[in-house]
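Trainee: For reference, the structure I am asking about is given below.
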Amino acid sequence: MHKATLLLSIFVLFISSAVLAQSADEKIIADRIEKFRKAMLPPVDKATLEDLTAKELSYCHSSGFLEDKTTFVEDLVKSKWVFTSISLSDQTIKIAGDAAIVRHRMTGETNNNNVPAKVDIIVLQVWQKQNGSWKLLARQAAKIPADVK
């Protein structure tokens, strides 16, 4: 009886530690997403954006416009895209090895070329652990059809 209890206890501890490790990575990624969100707001934080994104970044806007890391960061710094507010909701994070799949809804306001607009899109992000740090590797946004809102 003691042997069965001991084995069960070891099994529970093993499973618990695996769950806690995953939760720790999810928390780190959530924190990095929040840093990323804040870095995109004026004044744009170029150093933080560069730190949070992978050199292989593929960043696709809901319009289908695609940017690499250099273009994405420079366009924000030069105010090509100006976000005056950004809110994220309904976020999910799923760890898959050294990658994380993140989905959320992004709402906010922009002022591009002195034209104010509202943003309400869904976003898929892929984060990858590179040299011990989670980096945004890919991002795809999509407009939400009016009948789904």
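Trainee: Kindly state, to the nearest 0.05, the FRET efficiency for Asp51 paired with Asp147, given R0 = 35 Å and r defined as their beta-carbon distance.
Mentor: 0.35
Trainee: Moving on to the next point. Would you please state which residues of region 40-79 a label at Ala138 would reach in this model, taking the label point 7 Å out along Cα→Cβ and a backbone N cut-off of under 12 Å?
Mentor: 57-60, by backbone N distance to the label point.
Trainee: Which order, highest average first, do 74-82, 114-122, 49-57 follow once you tally other Cβ atoms within 10 Å for each residue and take the mean per peptide?
Mentor: So the peptides 74-82, 114-122, 49-57, ranked by packing, come out 49-57, 74-82, 114-122.
Trainee: Here is a follow-up. Identify all lysines with a Cα-Cα distance to Lys143 below 18 Å; exclude those on the same chain that are fewer than 8 residues away in sequence.
Mentor: Counting by Cα, and skipping residues close in sequence, Lys143 has these lysines nearby: Lys118.
Trainee: Sequence neighbours fewer than 8 away in the same chain don't count; with that in mind, list the lysines whose C-alpha is under 16 Å from Lys78.
Mentor: Lys46, Lys69
Trainee: Please report the net charge: other residues with Cβ closer than 11 Å to the Cβ of Asp51, K and R +1, D and E -1.
Mentor: Overall, the nearby charge balance is +2.
Trainee: Excluding Ser85 itself, what net charge comes from residues whose Cβ is under 11 Å from its Cβ, given Lys and Arg +1 and Asp and Glu -1?
Mentor: +1
Trainee: Taking 0.36 nm per intervening residue step and subtracting the Cα-Cα distance, what contour gain separates Arg103 from Ser87 on full extension?
Mentor: Stretched fully, the Arg103-Ser87 segment lengthens by 4.4 nm.
Computed from the coordinates by the stated procedures, all read-outs in this text should not be read as laboratory data. Please read all numbers here as calculations on a predicted model, not as lab measurements. Neighbour counts run over all protein chains shown; Cβ positions are idealised from the backbone, glycine included.
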